[in-house]
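FYI, it's all coordinate maths here, none of it is from the lab. A quick note: this is a predicted structure, and the numbers were derived from the prediction, not measured. A quick note on method: Cβ atoms are made from the backbone with ideal geometry, for glycine too, and the neighbour counts reach across all protein chains shown.
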Ligand code: PHE
């Protein structure tokens, strides 16, 4: 058996993990969920969720992965060899594949928009409004599937190239570019006349939203999705990490970087939305329908649009890579096959699983799951159920089953007040908070 690969440097590892966290969730999902939930108040609760639930779970997943130096199934089995929870590793493998199945569809939309704006930049602006074009595009029987396939092919190509040459290199190039692009977009957006209302919407809490129970749910679900916790991604990435790296600072850097990115993306989006007199509470179409309206009416809009969708597509790519690595690492070990073959097999399966999501607004629009299109329903299932369940499993596994000494040592926290607080949070706070979300979302509480 060949030696498992490891990240080249600590920075390379942190960039890859940040790349996993920063994605469609920070821009597409964050902006529409914040838009629907009152802006500033949502932002506060979301940040609290990142600190209270997010950072402890992040650290738990990284510690588990690095200690076991394996894929998520192996990690679960080793940490709790006698508890039934050990079988949940395989649920994470299917869960991350399920997320990627529809994530690739939305990412495919961003590639298509990128092409559109690139063409507009060359001097051929489209005749119809963005809303009309979007409706027609997602209803088409072939187009969304073709873009979904292209996006998955790009993702698979990086994963085939391996940890260092593929994943680490891609993130080293893409992440700095993402940072520069989002800052430039935000800087431009807040200098638009009339943008002040948008800045206030995002940063000044509207206290009436605090009374809304839905807002807490939305903020917690968003924290999970955006950090990418609960699906073994960080466990898998931690499995390629050498022992000499310190974990707690990495967990803070990742959570902080991810939240900062979402905030900056919000500053790119809301000021522009308000400056052009549009509504922020538009649901999932915000990035695809409302923003193009903004781009259409602003000077230099085609360039802004191209930069924005390039940002979205590349951010999605680094997250999709991490989602694909979870099943690939498992299949490579379990079936003893080469990385290339494993990646192709898994990618084809995920492509097929994503077809109902890709076609759900067109040929399959008759198929409604709980009154929603397939993609919306799967996204809902993931954020309301699959991710929280994964979070509880990790908290119980690391907090209760792994053994106190091993957990504290593997997390690099050692002994002391912070170590105690971390363990207490994993044991009691995280499960309690998540349980409340679950009960609330199912209407029991
Ligand atoms: N965090 C990614 C995003 O915000 C999505 C993701 C979810 C990645 C779950 C890994 C695991 O887009």
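Based on this model, can you work out whether residue 93 counts as within 20 Å of the chain's Cα centre (by Cα) and closer than 21 Å to residue 322 by Cα?
Numbers: within 20 Å of the chain's Cα centre (by Cα): yes; closer than 21 Å to residue 322 by Cα: yes.
So residue 93 passes the test.
Does residue 292 satisfy the criteria of being away from the ligand (no atom under 16 Å from the Cβ) and either out of contact with any helix residue (DSSP H, G or I) (no Cβ under 9 Å at 6 or more places or on another chain) or in contact (Cβ under 8 Å) with a residue 12 or more places away in the chain (or both)? Spell out how you get there, then give the answer.
Details: away from the ligand (no atom under 16 Å from the Cβ): yes; either out of contact with any helix residue (DSSP H, G or I) (no Cβ under 9 Å at 6 or more places or on another chain) or in contact (Cβ under 8 Å) with a residue 12 or more places away in the chain (or both): yes.
Against the criterion (away from the ligand (no atom under 16 Å from the Cβ) and either out of contact with any helix residue (DSSP H, G or I) (no Cβ under 9 Å at 6 or more places or on another chain) or in contact (Cβ under 8 Å) with a residue 12 or more places away in the chain (or both)), residue 292 qualifies.
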Would you please name the residue that is nearest to residue 253 (Cα to Cα), looking only at residues in the range 210-235 that are more than 7 Å from the ligand (Cβ to nearest atom) and part of a loop (DSSP other than H, G, I, E, B)? 229
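Based on this model, can you work out whether residue 326 counts as buried (at least 20 other Cβ atoms within 10 Å of the Cβ) and free of Cβ contacts under 8 Å to residues at least 60 places away in the same chain? Walk me through it before giving the result.
Numbers: buried (at least 20 other Cβ atoms within 10 Å of the Cβ): yes; free of Cβ contacts under 8 Å to residues at least 60 places away in the same chain: no.
Answer is no for this residue.
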Residue 165 - would you say it is part of a helix (DSSP H, G or I) and surrounded by 15 or more Cβ atoms within 10 Å (Cβ to Cβ)? no
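Which members of the range 262-289 meet the condition of being surrounded by fewer than 24 Cβ atoms within 10 Å (Cβ to Cβ) and either within 16 Å of the ligand (Cβ to nearest atom) or in a helix (DSSP H, G or I) (or both)? Before you say what the answer is, go through the steps one by one.
Applying the first criterion (surrounded by fewer than 24 Cβ atoms within 10 Å (Cβ to Cβ)) to the range 262-289 yields 263-264, 267, 274-285, 289.
Passing the criteria: 263, 264, 267, 274, 275, 283, 284, 285, 289.
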Looking at the structure I just gave you, is residue 379 out of contact with any strand residue (DSSP E or B) (no Cβ under 7 Å at 6 or more places or on another chain), surrounded by fewer than 19 Cβ atoms within 10 Å (Cβ to Cβ) and within 21 Å of residue 98 (Cα to Cα)? no
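Here's the yes/no breakdown for (1) away from the ligand (no atom under 14 Å from the Cβ); (2) part of a helix (DSSP H, G or I):
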{"residue": "317", "(1), (2)": "no, yes"}
{"residue": "322", "(1), (2)": "no, yes"}
{"residue": "348", "(1), (2)": "yes, yes"}
{"residue": "351", "(1), (2)": "yes, yes"}
{"residue": "366", "(1), (2)": "yes, no"}
{"residue": "377", "(1), (2)": "yes, yes"}
{"residue": "383", "(1), (2)": "no, yes"}
{"residue": "388", "(1), (2)": "no, yes"}
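Scanning the range 329-346 for residues that are under 25 Å from the mean Cα position of the chain (by Cα) and surrounded by fewer than 23 Cβ atoms within 10 Å (Cβ to Cβ), which turns out farthest from the ligand (Cβ to nearest atom)?
For the range 329-346, the residue satisfying everything is 340.
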Please count how many residues of the range 383-411 are farther than 15 Å from residue 436 by Cα and without any contact (Cβ under 8 Å) to a residue 60 or more places away in the chain. 6
